[in-house]
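Structure first, then comments.
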Amino acid sequence: MADRSVASIHPLTSQVGGHKGIQTSDDGALLIKPALPHELQFYHDSLADPALASLRQWIPTYFGTLRLEGQKTADGLANVEGIPEGEKDECSAIRSYCTQLLVIENAAHGFLKPNILDIKLGTDLYEEDASPEKKERMQNTARRTTSGDTGIRLTGFQVFGNTTSLPVIFPKNYGKTIGVSELGAGIARFFPISGSTIGLPGAEAGGRMDVGLPRALLLPVLKSIRKSVQEIRDAMSVIEMRMVGGSLLIVYEGDWDRAEMGVQWLAKQAASDGGGRESEGATEEDSEEDSESGDESDDEHSGGSKPPCVVKVIDFAHVRLKAGEGPDRGVLKGLDTVLSLLDGRITDCMTS
């Protein structure tokens, strides 16, 4: 963290899921959030525990913690700057018992127009020590939403327009209002083809809006994302843990020129790897080096190419390692659902 300045932090403007109150560094490269005990322990474990080695490249880089000082109000609650009044109670309550802030990489940093999707994973929405009342409430939530049947909920997302610098935003409650049969349409809204009719909020009559990548760019992006999700699924299938409230974060470039450079980067990587990073010769260290080199801020300003998309597993406040109990089947079910939805979108893009 020595190369990053956190002298000044600001509210994250591109947050599409999770609790409010996440901050970002001046340069946008770092996220600063309350360090809840289990999440902090998970990040520590991810650096040292061999059981988590296969997942290491798929979680945000952990830089350490900052200690809260001088953040308390007269009422003893942490001051939360930049958050709407109606949401400050929740944020202050969290930060009132967190004396540290977690510092991790911002996966969306370096994208000119970051299209971002947060997918909540898992069929179980409560921890084993939850009260009977909370268990019943969360079981009802799973039944009412897509979580119970599919292991996922589309928490929220943003998609940039092609002629504007502002994104179209689907709020966090979007995923709670759709059924299983509508998940495919939700994925299509996040991965639109330029000029297609996708029914975005604020679109003109008929649902048309100038958003989306050309088909020739969207297809390789989709295939790259699908490959990453498959590798995450493979990694999670051998980790004995329980994840409640974790998410899959998908980010891809919405700017056409930058996306084209990213697709060219993918083609060069595939050629140099003899068929792509899925080749058995690619090591975890190779992947981490690729990720680090692709995230250099110099690329952003010099026009150098980098991956057009990033997939990460995030939100570990309710994750516990469970040796001897096998993987989290609800999370694996969710990842299988995501893979199926991506397969469907790839097919649609190839045939429509």
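What is the number of the single condition among (1) open to solvent by 40 Å² or more (accessible area, probe 1.4 Å); (2) at pLDDT below 90; (3) in contact with a Lys or Arg (Cβ under 9 Å, 6 or more places away or on another chain) that Asp290 does not meet?
With (1) open to solvent by 40 Å² or more (accessible area, probe 1.4 Å); (2) at pLDDT below 90; (3) in contact with a Lys or Arg (Cβ under 9 Å, 6 or more places away or on another chain) applied to Asp290, the lone miss is (1).
Among the residues of the stretch 147-165, write down those that are among the small types (Gly, Ala, Ser) and either open to solvent by 10 Å² or more (accessible area, probe 1.4 Å) or in a loop (DSSP other than H, G, I, E, B) (or both). Break it down into steps so the answer makes sense when it comes.
Pass one, the stretch 147-165, residues among the small types (Gly, Ala, Ser): 147-148, 151, 156, 161, 165.
Correct list: Gly148, Gly151, Ser165.
How about the stretch 53-76: which of its residues are open to solvent by 70 Å² or more (accessible area, probe 1.4 Å), more than 16 Å from Tyr43 (Cβ to Cβ) and either touching a helix residue (DSSP H, G or I) at 6+ places or on another chain (Cβ under 9 Å) or at pLDDT 85 or above (or both)?
Lys72, Asp75
Taking into account only those residues within the stretch 166-188 that are closer than 15 Å to Leu339 by Cα and in contact (Cβ under 8 Å) with a residue 40 or more places away in the chain, which is surrounded by the fewest Cβ atoms within 10 Å (Cβ to Cβ)?
Result: Gly184.
Tally up the residues in the stretch 97-134 that are at positive phi and free of Cβ contacts under 8 Å to residues at least 60 places away in the same chain, please. Show your work before the answer.
Initially, the stretch 97-134 is screened for residues at positive phi, giving 110, 122.
If we keep only those that are free of Cβ contacts under 8 Å to residues at least 60 places away in the same chain as well, we get none.
Residues that pass the stated criteria total 0.
Go through the stretch 315-349 and report how many residues are among the aliphatic types (A, V, I, L, M), closer than 16 Å to Lys120 by Cβ and at pLDDT below 95.
Adding up the residues that qualify gives 2.
Which residue, of Arg242, Arg233, Arg277, is within 26 Å of Asp49 (Cβ to Cβ), open to solvent by 30 Å² or more (accessible area, probe 1.4 Å) and at pLDDT 95 or above? Quick ask: steps written out before the conclusion?
Values: Arg242 fails: at pLDDT 95 or above; Arg277 fails: at pLDDT 95 or above.
Answer to the selection: Arg233.
Check whether at least one residue in the stretch 111-133 is surrounded by fewer than 20 Cβ atoms within 10 Å (Cβ to Cβ), at pLDDT 50 or above and under 30 Å from Arg258 (Cα atoms), and report yes or no.
yes
The values are calculated or read from the model by the stated rules, or taken from the named source; none is laboratory data. Bear in mind the structure is a predicted one, so any value in this text is a computation, not a measurement. Every residue, glycine among them, receives a Cβ derived from its backbone with ideal geometry; neighbour counts consider all protein chains shown. The area values use the complete protein model at the heavy-atom level, side chains included, leaving out ligands, DNA and RNA. Shrake-Rupley method; radii C 1.70, N 1.55, O 1.52, S 1.80 Å.
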